[in-house]
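The values are calculated or read from the model by the stated rules, or taken from the named source; none is laboratory data. What you are looking at is a predicted structure, and each value in this text was computed from that prediction instead of being measured. Because the Cβ atoms are built from the backbone with ideal geometry, glycine has one as well, and the counts that use them run over all protein chains shown.
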Amino acid sequence: MGMSIGEIAAQTGLSHDTLRYYERIGLLGSVQRNSGGQRRYGSRELARLRFVKRAQAMDFSLDEIAQLLLLREQPGDVRSDVRSMTETKLAAIEQRIETLSRLRDELAELVNQCRASAGACPIIARIDDSQETRS
């Protein structure tokens, strides 16, 4: 009659709590239960969970994944909607990469300054610099 929560957890790499949470917030919808009240997952739920995991790996939030799941089930051409969501996600990721690159450069500079310093720690001084946080 389908897979138990333990079996689906093993196949997806998701915890039991995560599976219950996804059901509660509607990412899975209602999962069938056997006569003892235990959840029983079928191939449809497995495919949906794999979709969720792949979308998370692409940095989509659970709310965005819910929208993608709705689009996935809509008849007709949804490419423009999905493309628009993905373009927005791509722009956000590019901005994060730029921010992380600046952070990497700053930390590398601080490590070099620390190696060359004989006095106070330049890393602590930079973190402690209240002037930086006001600007």
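General observations
- Subset of region 43-92 (residues that are over 26 Å from residue 18 (Cα atoms) and surrounded by 14 or more Cβ atoms within 10 Å (Cβ to Cβ)): 78, 81
- Restricted to helices (runs of 4 or more DSSP H) entirely inside region 27-135, those with at least 1 residues that are within 30 Å of residue 4 (Cβ to Cβ) and of a type in the set (Ser, Thr, Tyr) are 43-57.
- Being on the phi > 0 side of the Ramachandran plot, loosely packed, with under 14 Cβ neighbours inside 10 Å and small (Gly, Ala, Ser) is not true of residue 36.
- The C-beta contact set for region 68-80 (first residue at pLDDT 90 or above, second residue assigned to a loop (DSSP other than H, G, I, E, B), distance under 6 angstrom, 6+ apart or interchain) comprises 71/78.
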